[in-house]
Ligand code: ATP
Ligand code: MG
Ligand code: MG
Ligand code: MG
């Protein structure tokens, strides 16, 4: 099955079970101080669960574009290094708002996975909440018994509060959840170690694919639990992970979700994508092979362009503060990878936008409708970062070289711990003068087996803030909204015209 067919089969299946298929909410969240980006399918239904808005339909399903790069869910550092965490991903979900509950949710998820998608049953593991005496939470016997109708007992595993009890916040709706994991190891590996031992153990081939949350309680201010009069179901399945298991791959990147992007990057860079390339020696240190660096770079770019493009299409431009800075940081990471490991010294990342837009036509048309605008913004950002990127890289590399030379020096004059640290002032200079977000400096440092003196960096940052406090009045972004009458044309990289219904911005 192609990715398109897999997505459609999910929606068709839940439509056949009486669900209304609803559109994805934007990936950018406005007017919610607790959240910058949509990080789960349930976000758009939060008010229904809190009892603050009525449900339009009792049962809905959708595919939601999500971003996990900040706050409680931040998977950025895993991206490109492991095979199944992305910045932007689609979360397939089905919901019951006070309608069906555990019985149907469990039956249907099993039916979909084993009868529609035909996944082998012995490769699936399910978990249920084991209870927590200290917290006064009961074991979810109901879920266990329901699973037992379909699943062999040794494939039903207890889970603790951290993994198997979901809470919206300190107060509000909460309840136990059941996860479904897929064991994608070879038969020989499976004989050697049982999959049950590897669920929740970070084995790259035994991965969580689906989470079914059963909201049955309301936590009150005094910490006690009240049974909800109307119980809800909230599920989330990682689409790219599902595609990976259905297409029989060992990495999400090997599927038709990512390969068109990776092939394009590989073709243009003249390098081969070696999916087997693994880090050599100690993790990601200096011992890593160039094939590994190149493979990571291609994966990271294919991943990051999705996050960047959807954020821009949904109204979040890169900028120097808040959500805008999160997007700029992701973009600069991608540009650094393409520059340093794939030899792109000129803007390139933006060329992925049309390809991506084409891929999502009919799924998330927001991108297709604004693809020219999105591409121009990415291009503009690349141009501006490339002005200083090369100099910054040279600066940090020279510094690392000096450190390494002293480290291996037989005289050992400077072998105190400061030798494997990037100093605070340098990290600050890289950010201030060369536009390296601190996490990018940390990433480059990590690749060389060094750390950044974060305390020193923060101190420099504070000094600068103190200096400029008096001087600055208002915190402005560096893209400004143009007035209707400002009819700009695209006259070069410093000016932008947007398409269709998008408001007009110009970079300042
Ligand atoms: P994991 O333990 O693998 O980090 P999670 O428990 O944080 O996943 P949930 O919050 O339960 O994930 O989200 C529901 C589903 O979304 C997961 O079962 C998984 O399939 C998918 N998912 C979660 N995070 C990511 C990500 N960063 N990239 C791709 N898919 C993801
Ligand atoms: Mg997670
Ligand atoms: Mg998990
Ligand atoms: Mg989970």
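List residues of the range 216-247, by number, whose backbone nitrogen lies under 19 Å from a label position 7 Å along Cα→C-beta of residue 161.
Under cut-off, by backbone N: 216-228.
In square nanometres, what is the average projected area of the Cα convex hull of the chain?
Across all orientations, the chain yields a mean hull projection of 27.9 nm².
Could you state the number of Å between the C-alpha centres of the range 185-209 and the range 115-130?
After rounding, the separation between the Cα centres reads 13 Å.
Sort the range 1-64 into rounded, prolate or oblate with this rule: let a ≥ b ≥ c be the square roots of the eigenvalues of the Cα gyration tensor; rounded if a/c is under 1.5, and if a/c is not under 1.5, prolate when a/b is larger than b/c, oblate otherwise.
It comes out oblate by the Cα gyration axes.
Expressed as a rounded percentage, what relative contact order does the range 174-213 have, with Cα pairs under 8 Å and six or more residues apart?
Relative contact order of the range 174-213: 61 percent.
Which whole-number percent gives the relative contact order of the range 306-449, counting Cα pairs below 8 Å spaced six or more residues apart?
Reported relative contact order: 21 percent.
Between residue 289 and residue 423, how many nm apart are label points set 7 Å from Cα along the C-beta direction?
3.8
Averaged over all directions, how much area does the convex hull of the C-alpha atoms of the range 256-390 cover when projected, in nm²?
8.5
Taking 7 Å along the Cα-to-C-beta vector as the label spot, tell me the residue 196-residue 459 distance in nanometres, rounded to one decimal.
Result: 5.4 nm between the two label points.
For the chain, what is the mean residue ellipticity at 222 nm derived from helices alone (per DSSP H run of n ≥ 4: -39500 (n - 2.57); sum divided by total residues; nearest 500 deg cm²/dmol)?
Result for the chain, helices only: -12000 deg cm²/dmol.
Taking 0.36 nm per intervening residue step and subtracting the Cα-Cα distance, what contour gain separates residue 132 from residue 117 on full extension?
Here the segment from residue 132 to residue 117 would lengthen by 1.9 nm.
Got the relative contact order for the range 256-390 handy, in percent, Cα pairs under 8 Å and 6 or more residues apart?
22
Assuming 0.36 nm per residue, please report the length gained on full extension of the stretch residue 77 to residue 187 beyond their Cα-Cα distance.
Net length gain for the segment: 36.5 nm.
Along the principal axes of its C-alpha atoms, what lengths does the range 3-246 span, in descending order and rounded to whole Å?
52, 40, 38
Arranged from highest to lowest average of other beta-carbon atoms within 10 Å per residue, in what order do the peptides 457-464, 364-371, 329-336, 161-168 appear?
Put in order of decreasing packing, that is 329-336, 364-371, 161-168, 457-464.
Given the chain, what percent of its DSSP beta bridges are antiparallel, to the nearest 5?
Restricted to the chain, the bridges split so that about 85 percent are antiparallel.
Just how far, in whole angstrom, is the range 8-75 from the range 219-244 if you go by their alpha carbon centroids?
12
Out of every Cα pair in the range 142-228, what percent are spaced more than 14 Å from each other?
The answer is 70 percent, as a whole percent.
Taking the Cα centroid of the range 347-372 and of the range 285-335, what is the distance between the two, rounded to the nearest whole Å?
16
Read the figures in this text as sums done on the coordinates, not as results from a lab. Keep in mind that what you see is a predicted model, and the values were worked out from it rather than measured. Neighbour counts run over all protein chains shown; Cβ positions are idealised from the backbone, glycine included.
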